[in-house]
Amino acid sequence: MTVIGIVGLPGSGKSEAANVAADMGVPVVTMGDVIRQECRDRGLDPASDHGRIAQALREENGPGAIAERSLPLIEDELAESDTVLVDGIRSDVEVEAFREAFGESFLLIEVDAPFELRAERLDLRGRDDMNDETGESLTDRDERELGFGMGKAIEMADVTIENAETLAAFQRKVRTLLREGAEEIER
Ligand SMILES: Nc1ncnc2c1ncn2[C@@H]1O[C@H](COP(=O)(O)OP(=O)(O)OP(=O)(O)O)[C@@H](O)[C@H]1O
């Protein structure tokens, strides 16, 4: 059994790593789904209330709340598949929740790409890499994510995958790591 978590700054390539897993038949549990479900349970619209409900869940049930609520979803997938990938980890507290639940079977992967490449890939060009739709610059977004504890989560990673070359090269690295990581833990 292997549970693989993915961390990295905005635009580093976390979703692309999850896509590789899905293409390999590895189920992907997205922690955002927990928040979207909670929005619906509270009669709210996930599109507009996602951020507020994520914050409310953490305030009401502690900083590990979203990780805790994703555990049953992961366990359901583990009933069918030896490896499951978890996308959406935002903090060290969440990493600790997964380490507690899965012990040595939890492998944390960091995806890393330089700021300029992340800005380019997120199509944020011009002054201070501002996103015209949200009015938030990539610098601000990085700071917001680091404020949640993403920096500490990244420091806890077991493996780093660099994503500074082509998408095909990155996909190859992720495929290799998904295969080798699983084998290593089974040994
Ligand atoms: N090596 C690469 N070459 C070119 N484009 C890439 C590469 N890696 C990722 N991208 C593209 O960059 C964008 C950001 O990648 P992705 O969505 O995987 O990042 P993320 O870490 O999930 O970001 P976020 O935190 O914003 O959800 C996507 O459009 C993706 O297709």
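Tell me the volume per residue, in Å³, of the convex hull enclosing the alpha carbons of the chain.
Residue-normalised Cα hull volume stands at 116 Å³.
Of the beta bridges DSSP finds with both residues in the chain, what % are antiparallel, to the nearest 5?
Restricted to the chain, the bridges split so that about 5 percent are antiparallel.
From the phi angles alone, apply the Karplus equation (6.51, -1.76, 1.60; θ = phi - 60°) to segment 12-17 and give each ³J(HN,Hα) in whole Hz, x where the residue is Gly or Pro.
Whole-Hz 3J(HN,Hα) from phi for segment 12-17: 6, x, 4, 5, 5, 5.
Below 8 Å, C-alpha to C-alpha, sequence gap of six or more: please give me the relative contact order for the chain in percent.
RCO, the chain: 34 percent.
At 0.36 nm per residue, and after removing the present C-alpha to C-alpha distance, how many nm does the segment from residue 122 to residue 55 gain when stretched out fully?
My answer for the length gained is 21.7 nm.
To the nearest 0.05, how large is the calculated FRET efficiency for residue 160 and residue 41 if R₀ is 35 Å and r is the Cβ-Cβ distance?
FRET efficiency, residue 160 to residue 41: 0.45.
Just 65, 164, 79 to compare: in a GNM of the chain, with alpha carbon springs under 10 Å, which one fluctuates most?
Among 65, 164, 79, the largest mean-square fluctuation in the Gaussian network model of the chain belongs to 79.
Would you work out what percent of the accessible area of the chain, with all protein chains in place, is carbon or sulfur (probe 1.4 Å)?
That share works out to 45 percent.
Under a Cβ-only charge scheme (Lys and Arg +1, Asp and Glu -1), can you give me the dipole magnitude of the chain about the Cα centre, in debye to the nearest 20?
Once rounded to the nearest 20, the dipole reads 200 debye.
At 7 Å along Cα-to-Cβ for each site, give me the label-to-label distance between residue 146 and residue 168 in nm.
Going by the 7 Å Cα→Cβ label model, 3.5 nm.
Can you work out ³J(HN,Hα) from phi for every residue in segment 86-98, in order, using Karplus 6.51 cos²θ - 1.76 cosθ + 1.60 and θ = phi - 60°, giving whole Hz and x for Gly and Pro?
Per residue, the Karplus-derived 3J(HN,Hα) values read 10, 10, x, 5, 10, 8, 4, 5, 5, 4, 4, 4, 6 Hz.
Go through 117, 89, 79 and say which Cα lies farthest out towards the positive end of the charge dipole of the chain; charges sit on Cβ, +1 for Lys and Arg, -1 for Asp and Glu.
Final value for the positive-end residue is 117.
Is it possible to state the helix-based mean residue ellipticity at 222 nm for the chain, with each DSSP H run of 4+ residues giving -39500 (n - 2.57), the sum divided by total residues, to the nearest 500 deg cm²/dmol? What is it?
Using -39500 (n - 2.57) per qualifying helix, the result is -17500 deg cm²/dmol.
The values are calculated or read from the model by the stated rules, or taken from the named source; none is laboratory data. Please read all numbers here as calculations on a predicted model, not as lab measurements. Ideal geometry is used to build each Cβ from the backbone, glycine not excepted, and the neighbour counts take in all protein chains shown. Surface accessibility is based on the protein's heavy atoms, side chains included, excluding ligands, DNA and RNA. Shrake-Rupley method; radii C 1.70, N 1.55, O 1.52, S 1.80 Å.
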